[in-house]
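Below: the structure, in structure tokens.
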Amino acid sequence: MKIDLHCHTKRIKSGDGPGRNVTKDLFRKKIYDSDVKIVAITNHNTFDKEQFCDFRDAVSENCQLWPGVEIDIQQFNRSRWHLIVIANPDNLNVFSESVNLLFNGKNLETCTHTIKEVYDCLNKCDVIYIAHFHKKPAISEEDRQDLLDIVGDNSRVFNEAPDNRTLGVFANYGYNVMIGSDVSDWGEYEHSTFADLRLPISNFHQFCMLAKRDETIINTLLNKRESYKLVASPHKSVKIPITIFQDVNIIFGQKGTGKSEILSSLYEQMLAKGMNCKKYTGSEKDNDFKSLLKTQDMDRNLSYLQVDGCEKEFSEILEWKDTNPTMFQNYIDWYKTKDNNKNKSRMKITDSTKLLNNPPESFTTYSSDRTNIKKLLKTFNSISYKLYLDNNDISLIEKLLTKIEQSNLELLAKDVIDSKSTDLTNYSIEKIKNIADRNSDTVSKPSSTGFIEFATNRLTLLKNIKKIKENLSKPEYNEKNHLGTIEEKGNLYINKKYRLICENSKTTEFSIGIKKLKAVIDTINDIESHIEASTISAEIDILRQLCSEDNITSLKPFIGLSKQIVTESNEEYTPSNGEKGILLLERTLSEEADAYFLDEPELGMGNSFIDTNIRPIISALAKQHKTVVIATHNANIAVRTLPYMSILRTHQNGNYNTYIGNPFDDKLKNINDENDIKSWTTESLHTLEGGKEAFYERKSIYETSGE
């Protein structure tokens, strides 16, 4: 939950800009827009109780308002600095009177107080203290120690950091750190930086108990989140009862202590519960990336390429047989015997030729149209169209479609009758000739030279060949899906490429060997180039043999499938090893799931990228009540996410131990020894940061580099 414990609502001192003045309506709108749940009004050297009450009532449904004041402090002759004092809202009246007493008769522009004066006047109001720390005017280390000594309760003293980076560096290493908006322009309030309280509290008392690391209140707040009772297993012979929260859960510790095994065991149990789980393993990113580029999820779908599968053409070609013209001897036999029987010579039908019958292509068209019309008629009986058309419109459409269907049927019937009549006539002629020949010991004149049938058969073959070749030349189809973003390259995509076999095709694109497919195409080309040759049947036999070996009956096997990584401008790009991890991790975390399991996600990635890009995603998933379990050596992940559950694994003198706890009460307890308790801060500092000395070296680097 977002909190703002340094918020101005009035211009008090000359250094305050006019943007600090805010109306009740604007205050309410900005607080709601920013989704801040706790705000402390801390104007300079004054407290306006009337304004506080008006603003409190305006936001009461969504936000708690706490009373506070920002005071100029000067200890003896030391430098001046600012101290924020925030009171329990239950003590509003006492706090208001005390602040008025503290500043009574003083110049609000120039007055200062000592820490002791502030403490004596305001501490009775149940307050917390927030000092400017690394933020000008900032408290000195000497004054900071004075503040701690006078207050006497370190949990009530906070240091205000200037930004989230410094907040993250110091938060878990001996400093109670807070950050506030210090708003100077209410028009830009929602763009301020706010502290994000990991354990949502409901009142001031809970906040103070949380700051005190009170174990009871921490467990109460933790248990508000849904959790799962699981069994962690670093080894098949070891079973450790564990609670995993719908939040961030961290597994850390020495190498070789079974962190990955624990994560995998928790992952398998969550899957067994029917949960939708996603997993990323940093050490397996190479294999995972290769799997990402496999084509199992792609279908050799002809419609993508707008290709006709040519099943009919393949069938006709593979069943094709050559026809021969009528032999000249048949004409000689007819001529020799045509006058042998005078009765037959009077039957002129025995000298007739066949009628030409080319089945009209309209057969297919009419049949297809008829099918589509029937589908439309069924569609208009569905409920969906009744949302857009009234009954009269639907009735008219059905009437017109029925009329079209009837006309279609009549045209189809006419073509069928014409074709069948011709077939029947030719059949009758042949039967009469056969009967006459048997009864007269003669030979009738051949019904056809056979050339038309021969040529038509070859032309039909050529037509089928050309249609296959035409469809093989259709352009490729590409489908781009966003993969992730690389800083220097921008957006990267997985490009699914569908293309018919070509010169640039690779063996891996096909389910059938590319040599076999090319042999089929070569044979089809040979058939086309030898369409007039007497050897055409031999070519057909070769094609028939090639296709039967792999059951090739359409163009579907000729579609090549592949995937490439491409940039926004469709240039192919090969990510580096580290970039592969970045892309896979971002992809895993962007997928919808109930739980995410990350095994050393930081491998191959820079700390800056992890902290800037990955950590915020993990924190956002936690806010959505997703379960995130991470085995890591990265401090930005393990510390700055403030995990609800931490599992520490240690190995010493041949013994393995498991500690569980959280950063909120700063405890890690040995599950087998209740008296063996470690400090979460100390162990995270040692295990993840390389020790206190290494941490403070980095602290110095951050400060001197201006970060």
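The values are calculated or read from the model by the stated rules, or taken from the named source; none is laboratory data. This is a predicted model, so every value here is computed, not measured. No Cβ is skipped: glycine too gets one built from the backbone with ideal geometry, and neighbour counts run over all protein chains shown. With ligands, DNA and RNA removed, areas are computed over all heavy atoms of the protein, side chains included. Shrake-Rupley method; radii C 1.70, N 1.55, O 1.52, S 1.80 Å.
Here are the numbers for the structure shown:
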| item | result |
| --- | --- |
| Scope the stretch 517-566; condition hydroxyl-bearing (Ser, Thr, Tyr) and either more than 30 Å from LEU483 (Cβ to Cβ) or without any contact (Cβ under 8 Å) to a residue 12 or more places away in the chain (or both); matching residues | THR523, SER529, SER534, THR535, SER537, SER548, THR553, SER554 |
| The lone exception for THR687 - which of (1) in contact with a strand residue (DSSP E or B) (Cβ under 9 Å, 6 or more places away or on another chain); (2) surrounded by fewer than 17 Cβ atoms within 10 Å (Cβ to Cβ); (3) modelled with pLDDT under 85; (4) not small (Gly, Ala, Ser) it fails | (2) |
| Criterion (assigned to a helix (DSSP H, G or I) and open to solvent by 70 Å² or more (accessible area, probe 1.4 Å)) met by exactly one of LEU92, LEU101 | LEU101 |
| Qualifying residue in the stretch 463-483 (condition: open to solvent by less than 30 Å² (accessible area, probe 1.4 Å), farther than 25 Å from ASN551 by Cβ and outside any loop (DSSP other than H, G, I, E, B)) | yes |
| SER511 surrounded by 11 or more Cβ atoms within 10 Å (Cβ to Cβ) and assigned to a loop (DSSP other than H, G, I, E, B) | yes |
| Selection within the stretch 49-78 - surrounded by fewer than 19 Cβ atoms within 10 Å (Cβ to Cβ) and not acidic (Asp, Glu) | LYS49, GLN51, CYS53, ARG56, ALA58, SER60, ASN62, GLN74, PHE76, ASN77, ARG78 |
| Enumeration of residues in the stretch 304-325 that are open to solvent by less than 60 Å² (accessible area, probe 1.4 Å), in a helix (DSSP H, G or I) and more than 14 Å from THR460 (Cβ to Cβ) | LEU305 |
| Qualifying residues in the stretch 326-350 (those that are over 17 Å from ASP441 (Cβ atoms) and open to solvent by 50 Å² or more (accessible area, probe 1.4 Å)) - the one modelled with the lowest pLDDT | LYS348 |
| Top-ranked residue in the stretch 597-619 [being hydrophobic (A, V, I, L, M, F, W, C) and at pLDDT 90 or above; ranked as nearest to LEU230 (Cα to Cα)] | PHE597 |
| Criterion: farther than 22 Å from VAL118 by Cβ and either modelled with pLDDT of 95 or more or not in a strand (DSSP E or B) (or both) - qualifying residue of ILE31, ILE3 | ILE31 |
| Entirely in the stretch 191-290, the helices (runs of 4 or more DSSP H) that have 2 or more residues that are under 25 Å from the mean Cα position of the chain (by Cα) | 259-272 |
| Residue within the stretch 129-146 that is assigned to a helix (DSSP H, G or I), among the charged types (D, E, K, R), modelled with pLDDT under 95 and open to solvent by 50 Å² or more (accessible area, probe 1.4 Å) present | yes |
| Residues of the stretch 111-128 that turn out to be open to solvent by 80 Å² or more (accessible area, probe 1.4 Å) and farther than 21 Å from PHE52 by Cβ, as a count | 3 |
| Residue that is more than 41 Å from the chain's Cα centre (by Cα) and modelled with pLDDT of 70 or more, where the choices are GLN306, GLN406 | GLN406 |
| Residues of the stretch 532-551 that turn out to be under 22 Å from ASP322 (Cα atoms) and either polar (S, T, N, Q) or open to solvent by less than 10 Å² (accessible area, probe 1.4 Å) (or both), as a count | 9 |
| Residue identified as among the small types (Gly, Ala, Ser), more than 30 Å from LYS474 (Cβ to Cβ) and touching a residue at least 60 places away in the same chain (Cβ under 8 Å) among GLY253, GLY274 | GLY253 |
| Condition met for ASP676 (farther than 22 Å from PRO234 by Cα, of a type in the set (Asp, Glu) and either in a strand (DSSP E or B) or in contact (Cβ under 8 Å) with a residue 40 or more places away in the chain (or both)) | no |
